1. DSSP loop (so not H, G, I, E, B), at most 16 other Cβ within 10 Å: list which trypsin sites (Lys or Arg not before Pro) in the range 1-73 pass both filters.
2. In the range 1-75, which GluC sites (Glu not before Pro) are in a loop and have at most 16 other Cβ atoms within 10 Å, using DSSP for the loop call?
3. What longest region of the chain stays clear of chymotrypsin sites (Phe, Trp or Tyr not before Pro) that DSSP places outside H, G, I, E and B and that have at most 16 other Cβ atoms within 10 Å?
4. If I ignore ligands, DNA and RNA and count only protein heavy atoms, how much of H57 is accessible to a 1.4 Å probe, in Å² to the nearest 10?
5. Assign unit charges at the C-beta atoms only (+1 for Lys and Arg, -1 for Asp and Glu), then state the dipole size of the chain relative to its Cα centre in Debye, rounded to the nearest 20.
6. Using a 1.4 Å probe, what is the accessible area per residue for the chain, in Å²?
7. Run the helix sum for the chain: -39,500 (n - 2.57) per DSSP H stretch of 4+ residues, divided by residue count, reported at 222 nm to the nearest 500 deg cm²/dmol.
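The values are calculated or read from the model by the stated rules, or taken from the named source; none is laboratory data. Small disclaimer: the values here were computed from a predicted structure and weren't measured. Reconstructed Cβ throughout: ideal geometry from the backbone, glycine too, with neighbour counts over all protein chains shown. What goes into the accessible areas is simple: the full protein's heavy atoms, side chains included, and nothing from ligands, DNA or RNA. Shrake-Rupley method; radii C 1.70, N 1.55, O 1.52, S 1.80 Å.
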Amino acid sequence: MKFQLRPHQVQMLDATFSNDKGTIVCPTGGGKTLVEIENARRFLTPGKVVLQVSPQHVLSKQIFREFSYHLEDVNFMWRQISSEPETIHRRSQG
C-alpha cells in the first residue's frame, strides 16, 4: 500500500468487509477511490472480477491511473468499455 488510510476511510473499508453490498458515500476529496482500490485488492485474484462503473470517460481514465499506480504489485487486467472511440486497457502481467 502506497498510502495510509485515514480513520474515516478505515471505517468505510471495514464496512465493505462486513457487508455483501452497499454504497460508499463521502464528500469529494474524501478518499472514496482509495477505499475502492483497497477493497478491490482482496478480489483481484485469478477467476474473480471487479466491476467499476464511471459516469464519464475522463473519470474512467483517472480511476484507471489510480488503480494502476496503487495496485502495481497486483496482477490484474483492466478493460474500459464505452461509446468513446478510445479504449484503455492494462493486460495481466503473467
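1. Details: sites: K2, K21, K32, R41, R42, K48, K61, R65; in loops: K2, K21, R42, K48.
For trypsin sites (Lys or Arg not before Pro) across the range 1-73 that sit outside H, G, I, E and B with at most 16 neighbouring Cβ atoms in 10 Å, the list reads K2, K21, R42, K48.
2. Details: sites: E36, E38, E66, E72; in loops: E72.
Sites meeting the loop and neighbour criteria: E72.
3. Details: sites that count: F3, F43.
In short, 44-94.
4. About 40 Å², ignoring ligands and nucleic acids.
5. Values: 12 positive and 9 negative charges, 22 e Å.
The dipole magnitude comes to about 100 debye.
6. Working: 6890 Å² over 94 residues.
Here the residues of the chain average 73 Å² of exposed surface.
7. Numbers: 3 runs with 36 residues, N = 94.
That calculation yields -12000 deg cm²/dmol at 222 nm.
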